[in-house]
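Read the structure below first, then the notes.
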Amino acid sequence: MAAVFRGQDFMKFNPHTDKHIVVKYHYVENPRHDRAGIHPCPVNEFERQIVFLKKNFKITSVPEVFRAARAKSSEKMCALTFDDGLKDNYLNVAPLLKKHGLTATFFPITKTWEGFLPATHRIHLLLSLESAGNLTDLFNSFLRSSFPKLSDSFFVPKNKRMTQRRKIYDDVITANFKETMNLVPRTVRDSFLGALLFDMKVDEKGWARELFMSPREIKGLRDYGHSIGSHGHYHDAFDMLDEQSILADIRVSKKLLEETTQVPVDIFAYPQSSPRDEIGHLLAEEQIAYALTTEKQQVAGNVNHFHIPRYDTNDIRDFLNNPKTR
């Protein structure tokens, strides 16, 4: 039985029983020693997955998968999605999609076009430069010295996983450090991350240019036939924002994407997999028709159009690597 998004368990990908699915990717590049904090889907593995998915499903758009699921269609369908607007998606993913005659949906973080490095990617960078254990010690010490009133509430433990909602592929210490960066007040988080990166003499704008697609590249994907959706402007977790901040974030991102692509944007992927049940009216107000989570299951016939689940690349990998499931 499938668990709800906020539960502990998730359905496993099974192409023998799943009929309508959406699959989520982030980084698609070969692992690099200087990016140890990033855990990408290697390029050959990505091609193996899309070849398999194409063989077993009709590769199509998110709206078509949703409509097929609602209609209980017998035709098996899959939509491919790519979060964050990463440069490797343009360099590695787009050519392979073209090679195999496929299209997908890409969800850029629009603030990155200004040289902004979101907190998630600042953390990836720091984890490439320092161990999760040391970063946790540094953060706990930072709280005690700079924000003592918050030190008990946001102390990062090393011995027990804080949540199963996010970061389920990370080890306990890494997952807890990342999760705390979601939970701690934004000003505290940004102060800590900024101070560390400054001390390490990191060029954040340079990293942003290296990691993320430009508006020109995003437009090129749309002109080819791919879909472009919003992933927010700042990539902050919505379950940590008030409604006014959420609306502003959606509105700015949508406006920038529509100015860039000259096409209406009506699909949204929640930043950091943080949907809120009560913000459907905000999405509707901005003419968003579909919103995607990271709940790991197929798209069921009764799915809410603002809570469309997605499998992860690792789910596809695990199925392909398990001889018992083949």
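Bear in mind these aren't lab numbers, they're just calculated from the coordinates by the rules spelled out. Predicted, not measured: the structure shown is a model, and the values here were computed from it. Note that each Cβ is placed from the backbone with ideal geometry, even for glycine, and that neighbours are counted across all protein chains shown.
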Mind putting a number on the dipole of region 206-292 about its Cα centre? Charges go on the C-beta only, +1 for Lys and Arg and -1 for Asp and Glu, and I need it in Debye to the nearest 20.
440
Quick one: the Cα spread of the chain along its three principal axes, in angstroms, biggest first?
60, 47, 40
Spatially proximal aspartates and glutamates relative to Lys54 (Cα-Cα < 15 Å; intrachain offsets below 8 disregarded):
Asp18, Glu45, Glu75
Which length gain, in nm to one decimal place, applies between Glu114 and Tyr224 when the Cα-Cα distance is subtracted from 0.36 nm times their residue separation?
37.2 nm
For Val22, list long-range residues whose amide hydrogen, built 1.01 Å from N in the peptide plane, is under 5 Å from its own amide hydrogen.
Ala79, Val299, Tyr311
Once phi is turned into θ = phi - 60°, what whole-Hz ³J(HN,Hα) does the Karplus curve with 6.51, -1.76 and 1.60 give for every residue of region 72-85, x standing for Gly and Pro?
6, 5, 7, 6, 7, 9, 9, 10, 9, 10, 9, 8, 5, x
Could you tell me the calculated FRET efficiency between Asn302 and Ser214, based on Cβ-Cβ distance and R0 = 35 angstrom, to the nearest 0.05?
0.30
Considering region 119-206, what Rg and Dmax in Å follow from its alpha-carbon atoms?
12.4, 36
Just to confirm the filter: which chymotrypsin sites (Phe, Trp or Tyr not before Pro) across region 139-218 are DSSP coil and have at most 15 other Cβ within 10 angstrom of their Cβ?
Phe155, Tyr169
If r is the Cβ-Cβ distance from Leu129 to Ser74 and R0 is 51 Å, what FRET efficiency results, to the nearest 0.05?
0.50
Reachable lysines, given that their alpha-carbon falls under 17 Å from the alpha-carbon of Lys201 and they are not under 8 places away in the same chain
none
Extension reserve of the Lys160-Asn322 stretch, reckoned as 0.36 nm per residue once the Cα distance is removed
55.5 nm
